[in-house]
Amino acid sequence: MHVLSTNNLSKNYGTVQALNQVNIAVPPGAVYGILGPNGSGKTTLLGIVMNVLEASSGSYLWNGQSGNEDQRKRIGTLLETPNFYPYLSAERNLEIAASIKGHSTADISRVLRIVNLFERRQSAFSTYSLGMKQRLAIASALLGDPQVLVLDEPTNGLDPAGIAEIRQLIRQLHASGKTIIMASHILDEVEKVCTHVTIIQKGNVKASGTVNDVLHNDGPAQERVIEIVAEDLQLLRDAITGLQQVKEVISRPAMLQLIGAADMTPQLVNRYCFEKGITLSYLALKKKSLETRFLEITGSSSDQ
Ligand SMILES: Nc1ncnc2c1ncn2[C@@H]1O[C@H](COP(=O)(O)OP(=O)(O)OP(=O)(O)O)[C@@H](O)[C@H]1O
């Protein structure tokens, strides 16, 4: 059974269609990325499934059941930057959060340890770095030990060190068995921490599946690139141009790049050169870059 599934969720804000018949299905134990540029509808989607916003149409199920308050209490959320009191300690702030959420304060040491802030628990929130502040926010989401976490852009506004801390924490929570649903507009982030991804653009789902299938799978009809080097590049160029599977030969500094379809295999190129009496000193099949694949899916980098 899926932890979360949506059925044709749509949302209009007046004339703005923020979501258009969105279907996602989150398997247990996944780190599920909702990837899309600013304004693509990620926050709206998370807001609806957390019952902060109402859908215009469509429905969703948490663990196969229509959402109810009790269930939602068992989901840890980080939807916006939480308001912690700057002059109170991390521990005191969590005591307040626990009492608001109806969780026992006995859980506070545990969550502070998970996010690696236990040693700094007595320090005032205002003395924390941005990364620490965000970790405290995740600690607050972890109160009550929810099995599912919903995080909206958890690394937004952090410096590279802070980003690395949060990504490490998400990986660690995943390893401990939590299901994590997170919005992000950073392709690299989704590739680094997520197991599954839905790419959303202008409220429409463009692709969904495991990160590997969606972002790395070139598909059989896709173009591929092979790089080759031999002692005499001109001779190599003259020879390889005769190989039917090679559509284009590009001269790069000290190497040739061959563009072809999936039938242009490294084995074929190697054998062909060998038969022409040329020994290759380098041969590599290059994967299409993630960025290129993303642009293919979304059609544009800046278009929302
Ligand atoms: N309260 C609102 N009233 C009117 N339009 C809204 C409202 N909230 C969001 N929108 C619009 O809905 C669309 C989706 O917004 P949403 O915030 O869900 O996207 P997002 O992908 O989360 O973007 P961001 O990363 O910037 O938060 C945008 O066009 C946005 O301008």
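The values are calculated or read from the model by the stated rules, or taken from the named source; none is laboratory data. It should be emphasised that the depicted structure is a prediction, and the values quoted were computed from it without experimental measurement. As a convention, Cβ positions derive from the backbone with ideal geometry for all residues, glycine included, and neighbour counts pool all protein chains shown. Ligands, DNA and RNA are excluded from the accessible area calculation, which covers all protein heavy atoms including side chains. Shrake-Rupley method; radii C 1.70, N 1.55, O 1.52, S 1.80 Å.
Out of the residues in the range 1-20 meeting the condition of being more than 15 Å from the ligand (Cβ to nearest atom) and over 21 Å from the mean Cα position of the chain (by Cα), tell me which one is surrounded by the fewest Cβ atoms within 10 Å (Cβ to Cβ).
The first filter runs over the range 1-20 and keeps only residues more than 15 Å from the ligand (Cβ to nearest atom), leaving 1-5, 7-8.
Within this subset, residues satisfying the condition of being over 21 Å from the mean Cα position of the chain (by Cα) are 1, 7-8.
Details: MET1: 10, ASN7: 14, ASN8: 14.
The selected residue is MET1.
Looking at the range 63-80 only, could you name the residues that are open to solvent by 70 Å² or more (accessible area, probe 1.4 Å) and either closer than 19 Å to GLY102 by Cα or in contact with an Asp or Glu (Cβ under 6 Å, 6 or more places away or on another chain) (or both)?
If the condition is that a residue be open to solvent by 70 Å² or more (accessible area, probe 1.4 Å) and either closer than 19 Å to GLY102 by Cα or in contact with an Asp or Glu (Cβ under 6 Å, 6 or more places away or on another chain) (or both), then GLU69, ASP70, LYS73, ARG74 are the ones that fit.
Considering only residues that are over 11 Å from the mean Cα position of the chain (by Cα) and within 6 Å of the ligand (Cβ to nearest atom), which ones fall in the range 32-44?
Initial filter on the range 32-44 (over 11 Å from the mean Cα position of the chain (by Cα)): 37-44.
Residues satisfying the conditions are ASN38, GLY39, SER40, GLY41, LYS42, THR43, THR44.
Are there any helices (runs of 4 or more DSSP H) wholly within the range 231-304 with 2 or more residues that are at pLDDT 90 or above and open to solvent by 40 Å² or more (accessible area, probe 1.4 Å), and if so which?
On the way: elements: 233-240, 266-275, 290-298.
Fully inside the range 231-304 and qualifying: 233-240, 266-275.
Which of the residues spanning the range 173-217 are of a type in the set (Lys, Arg) and assigned to a strand (DSSP E or B)? I'd like the intermediate steps shown before the answer.
Step one: filter the range 173-217 for residues of a type in the set (Lys, Arg), giving 178, 192, 202, 206.
Scanning the range 173-217 gives a single hit, LYS206.
Can you tell me which residue among GLY14, GLY39, GLY58 is in the same structural domain as ALA137 (by TED's automatic domain parsing) and under 30 Å from GLN172 (Cα atoms)? Give the derivation first.
Working: GLY14 fails: under 30 Å from GLN172 (Cα atoms); GLY58 fails: under 30 Å from GLN172 (Cα atoms).
Just one listed residue meets the conditions, GLY39.
Looking only at residues in the range 143-195 that are of a type outside the set (A, V, I, L, M) and touching a Pro at 6+ places or on another chain (Cβ under 7 Å), which one is surrounded by the fewest Cβ atoms within 10 Å (Cβ to Cβ)?
Of the residues in the range 143-195, the ones of a type outside the set (A, V, I, L, M) are 144-147, 152-157, 159-160, 162, 165, 167-168, 171-172, 174, 176-179, 184-185, 188-189, 191-192, 194-195.
Still in the list and also touching a Pro at 6+ places or on another chain (Cβ under 7 Å): 179, 185.
Details: THR179: 23, HIS185: 16.
Among them, the one singled out is HIS185.
Mind checking which residues of the range 21-31 are assigned to a strand (DSSP E or B) and either open to solvent by 10 Å² or more (accessible area, probe 1.4 Å) or within 15 Å of the ligand (Cβ to nearest atom) (or both)? Steps first, answer last, please.
Here is the first cut: in the range 21-31, the ones assigned to a strand (DSSP E or B) are 21-22, 25-26, 31.
If the condition is that a residue be assigned to a strand (DSSP E or B) and either open to solvent by 10 Å² or more (accessible area, probe 1.4 Å) or within 15 Å of the ligand (Cβ to nearest atom) (or both), then GLN21, VAL22, ALA25 are the ones that fit.
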